[in-house]
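Structure first, then comments.
The values are calculated or read from the model by the stated rules, or taken from the named source; none is laboratory data. Note that the structure is predicted; figures quoted are calculated from it, not measured. Please note: Cβ atoms are built from the backbone with ideal geometry, for glycine as well, and neighbour counts cover all protein chains shown.
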Amino acid sequence: MSDLDMDFLLGAEDDEGRPRRRSRNDGRGGRRRRRRRNRGGFIAPLLAFIVLAGIIGGGGYFGYQWLSGALVPDDFTGQGNGEVVVEIKDGQSASDVALELERQGVVASARAFTNAIANANKSASLQPGQYTMRKGMSAANAVKMLDSNNRLLIRVTLKEGLRLSDTLNQLAEKTKKPLKEFQAAAKETGDMELPRYAKGRLEGYAFPATYEFQPKTTPAEMLTQMVERFNETAKKVDLETGAKEMGHTPGEIITIASIIQAEAGRHEDMPKIARVIYNRLDRDPQMKLEMDSTTLYGLNKYGTAATNAQLQSKSRYNTYMYLGLPPGPITNPGDAAIEAALSPAKGPWLWFVATDPKSNVTKFASTETERQALLAEYRANGG
């Protein structure tokens, strides 16, 4: 060990040559000096780290901004001009739509649109369909025009009691699609989810209602929607259970409902007309229904009363000639007629006569004498 090291351990000698002990203060002073040296050595690297982090952080922020495209992507201004139809397909994301809008020149860049729709919190609200847009629109205006309320739709209202042939004619007229396409689709019912009791026939199951179709919706898809609407009604009224309680099949109930729909001038008369049908079917011996509506349907004719010659028809729909119900529905009945078939009024009536065709008044009779009086009233009113 060197003399210098010994001096450090023992301390310097006093004036008389004796080793001098280091005082506690001397130790603390040394520690304070070491601490000051340590502090100085720590602060410098810390400052360097902060400066470096600021540089890296700043570069990372601007790098992120550049990568995300937030540094003002290309965008048009204003409402744009011209007209272009854009289709959003089922399952497309906002990014998919953005690329299509850019491709068609609606927006200047896909990034501008995705930024705009994200800022509007509408990225998940895009609905499939066709929309009329303009070229050269600002991304914000493009987002507004893709609201689901602006979809191109064809609204078709089909009233209750239309025959299937008339339903197809109206669909073709209002959608501007060829009638032959609807007629062909009506025969190919395998994928329409018709109930089993429909036996593959669409008559009676193309539910009357107001529909909104996309311009590209096919005739088959339109008819399928109408069948779906029928199935919803059948479930709502519990058709199968109700039919069983009435002692009939669901298909027979729809046939009865279709006759009610064809014969009734007013909804309030439907339960009574239903009762006339059941009273005739349940009578022993059974009475023929003798409905002009079924007879005319079998002949593809229209009118309120069949002629004597038409009553000689051999069609199975001629209920003046054959007992029981016709082979199937003769119209597409609505909710009220189906409900009347399931819940007929109580009463002894066996006949009904539209005594005043102009006001749709229908009266009911339980005896032949009453019936003849109603027929006389009908003739007096020009019937």
inquiry  = Please go through the stretch 213-245 and give me each residue that is touching a residue at least 24 places away in the same chain (Cβ under 8 Å), β-branched (Val, Ile, Thr) and in a helix (DSSP H, G or I), ordered by number.
reply    = Thr224, Val227, Thr233
ask   = For Thr189, which of the numbered conditions (1) touching a Lys or Arg at 6+ places or on another chain (Cβ under 8 Å); (2) of a type in the set (S, T, N, Q); (3) surrounded by fewer than 16 Cβ atoms within 10 Å (Cβ to Cβ) fails to hold?
value = (3)
ask   = In this structure, is Tyr205 modelled with pLDDT of 95 or more, out of contact with any Gly (no Cβ under 6 Å at 6 or more places or on another chain) and of a type in the set (Phe, Trp, Tyr)?
value = yes
remark   = The condition of being without any contact (Cβ under 8 Å) to a residue 60 or more places away in the chain, crowded, with 20+ Cβ neighbours inside 10 Å and more than 21 Å from Lys216 (Cβ to Cβ) holds, among Ala124, Ala120, Ala140, Ala110, only for Ala110
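Yes/no per residue for (1) under 34 Å from the mean Cα position of the chain (by Cα); (2) surrounded by 17 or more Cβ atoms within 10 Å (Cβ to Cβ):
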| position | (1), (2) |
| --- | --- |
| Thr249 | yes, no |
| Ile253 | yes, yes |
| Ile259 | yes, yes |
| Ala264 | yes, yes |
| His267 | yes, no |
| Leu281 | no, yes |
| Pro285 | no, no |
| Lys288 | no, no |
| Gly298 | no, yes |
note = The helices (runs of 4 or more DSSP H) lying wholly within the stretch 70-175 that contain at least 2 residues that are closer than 30 Å to Glu339 by Cβ and within 22 Å of the chain's Cα centre (by Cα) are 164-175
query = Would it be correct to say that Thr355 is in contact with a Leu (Cβ under 8 Å, 6 or more places away or on another chain), among the hydroxyl-bearing types (Ser, Thr, Tyr) and farther than 22 Å from Ala380 by Cα?
reply = no
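Okay, residues lined up against (1) assigned to a loop (DSSP other than H, G, I, E, B); (2) out of contact with any strand residue (DSSP E or B) (no Cβ under 8 Å at 6 or more places or on another chain):
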{"site": "Ala336", "(1), (2)": "no, yes"}
{"site": "Ala345", "(1), (2)": "yes, yes"}
{"site": "Phe352", "(1), (2)": "no, no"}
{"site": "Thr362", "(1), (2)": "no, no"}
{"site": "Thr369", "(1), (2)": "no, yes"}
{"site": "Gln372", "(1), (2)": "no, yes"}
{"site": "Ala376", "(1), (2)": "no, yes"}
{"site": "Arg379", "(1), (2)": "no, yes"}
request  = Report whether or not Ser68 is of a type in the set (Ser, Thr, Tyr), at pLDDT 90 or above and not assigned by TED's automatic domain parsing to the domain that holds Ile256.
outcome  = no
message = Any residue that is surrounded by 22 or more Cβ atoms within 10 Å (Cβ to Cβ), under 20 Å from Gly328 (Cα atoms) and touching a Pro at 6+ places or on another chain (Cβ under 6 Å) - is there at least one of those in the stretch 207-229?
response = no
key: Among the residues listed as Gln310, Gln372, the single one being buried (at least 18 other Cβ atoms within 10 Å of the Cβ) and either farther than 30 Å from Lys235 by Cα or not assigned by TED's automatic domain parsing to the domain that holds Asp269 (or both)   = Gln310
